[in-house]
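Undergrad: Please find one structure pasted underneath; my questions will follow.
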Amino acid sequence: MISVQSADFSVEKECRWLNNNASDGAIVTFIGKVRDMNFGDNITTLRLEHYRGMTENSLKDICNEAKWRWQLGKVRVIHRVGTLDIGDQIVFVGVSSVHRKVAFEACAFIMDLLKTKAMFWKKECLVDNERWIEVCDSDSEAAKRW
């Protein structure tokens with residue numbers, strides 16, 4: 001289940017949803033937040049844009065591939081768009097599975113591919129400037145392991 005939305009999300013609510021499958025013994029989540037600094041510069045806000053339809057399809061493809069690779073119970077991805085302030089939640093990735101190793105691997109896989117293949121555009125607003133953010137080399141390297 002995926003959502004692209006401007007509204008914030010409740011980590012507690014999402015964890016409850018992941019936790020209602022008695023067969024699953026593991027739940028792994030990742031929450032990404034807006035940092036106050038990047039590349040040594042102070043960030044004031046972060047603007048995330050997307051192309052409706054294309055973004056959701058890219059996220060569905062990533063989740064479907066995770067389900068194909070691992071035996072997962074539930075998968076939940078939420079990604080926010082719009083203007084976000086420092087400390088705001090950006091992304092939630094959660095998976096449930098019978099075993100923890102599978103859940104950890106699948107969550108990392110989804111996040112690694114989301115950073116490199118999902119159709120989002122990020123603009124950092126600085127005190128006196130703004131800049132578009134491209135995929136980092138470290139994110140590309142992390143995605144290659146899959």
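The values are calculated or read from the model by the stated rules, or taken from the named source; none is laboratory data. All values derive from a computational prediction rather than experimental measurement. A quick note on method: Cβ atoms are made from the backbone with ideal geometry, for glycine too, and the neighbour counts reach across all protein chains shown.
Undergrad: Any residue at all in region 59-72 that is more than 20 Å from V4 (Cβ to Cβ), hydrophobic (A, V, I, L, M, F, W, C) and in contact with a helix residue (DSSP H, G or I) (Cβ under 7 Å, 6 or more places away or on another chain)?
TA: So far as region 59-72 goes, yes, one or more of its residues are more than 20 Å from V4 (Cβ to Cβ), hydrophobic (A, V, I, L, M, F, W, C) and in contact with a helix residue (DSSP H, G or I) (Cβ under 7 Å, 6 or more places away or on another chain).
Undergrad: List the helices (runs of 4 or more DSSP H) inside region 45-146, counting only whole elements, that have at least 2 residues being buried (at least 19 other Cβ atoms within 10 Å of the Cβ) and of a type in the set (A, V, I, L, M).
TA: 54-69, 100-117
Undergrad: Now a separate question. Filter region 10-33 for residues that are of a type in the set (V, I, T), farther than 21 Å from K117 by Cβ and surrounded by 16 or more Cβ atoms within 10 Å (Cβ to Cβ) and give the result.
TA: Passing the criteria: only I27.
Undergrad: Among the residues of region 64-83, are any at pLDDT 95 or above, on the phi > 0 side of the Ramachandran plot and of a type outside the set (S, T, Y)?
TA: Yes, region 64-83 contains at least one residue that is at pLDDT 95 or above, on the phi > 0 side of the Ramachandran plot and of a type outside the set (S, T, Y).
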